[in-house]
1. Order of LYS70, LYS89, LYS131, LYS155 from fewest to most other C-beta atoms within 10 Å?
2. Percent relative contact order of the stretch 36-153, based on C-alpha pairs within less than 8 angstrom and at least six residues apart?
3. Rounded, prolate or oblate for the stretch 88-156? Axes are the square roots of the Cα gyration tensor eigenvalues, ordered a ≥ b ≥ c, and the cut-off for rounded is a/c under 1.5.
4. Using modelled backbone amide H atoms (1.01 Å from N, in-plane), which distant-in-sequence or interchain residues come within less than 5 Å of VAL127's amide H?
5. What are the ³J(HN,Hα) values, in whole Hz, obtained from phi via the Karplus relation 6.51 cos²θ - 1.76 cosθ + 1.60 with θ = phi - 60°, for each residue of the stretch 45-59 in sequence order, with x given for Gly and Pro?
Amino acid sequence: MSASVANVPLLRLACALAVCALPAAAAAAPATPPAPCTLLTPAQVSGVLGGTFGAGQPIGTTGCSWTAEKPHMIVTVSLWPPTEWDRMKASPLPGTQITPASGLGDDAFYTTVAQYIVLYVKKGQTVYLFKVYGVKDLAKQTSAEKTLAQDALAKL
């Protein structure tokens, strides 16, 4: 038997192992995040905040907003690359308060500057920003942002 014929079973074994490894390699690759407007429905947003919210409107390719006219409220979701996480969490602005948010994604926190609160959530290879405008009660706003984040992250 020649050396090249003897190597055929080894070559077949190597090819079979490579083919079997392909799904695992594909699963290990970072998943593309869903389009931001698919993360929440108007019914979910209305259920959390009340009011009647319209369909999500894209904000470029990385964000979406849902609006209710009476009372006037806006919900936005923005997606950012994970490379921005440390910068966002560093609190570069004077007077910014950072508060951890438990039970969301891989890590989460709120930033508060005066009456402006934003929920930041890191999940896998994406950072999600959740913001509710038009709610004057800060505790209700914070709670709504967390509930909306839970609803959106459940779709991932």
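Bear in mind these aren't lab numbers, they're just calculated from the coordinates by the rules spelled out. Because the structure is a prediction, the values reported are computed rather than measured. Using ideal geometry, Cβ is built from the backbone for each residue, glycine included, and neighbour counts are taken over all protein chains shown.
1. Final ranking by Cβ density, sparse to dense: LYS70, LYS155, LYS89, LYS131.
2. Reported relative contact order: 23 percent.
3. Because a/c hits 1.5 or more and a/b fails to exceed b/c, the stretch 88-156 counts as oblate.
4. Sorted by chain and number, the residues that satisfy this are TRP80.
5. 5, 4, x, 7, 10, x, x, 10, 9, x, 4, x, 10, x, 10
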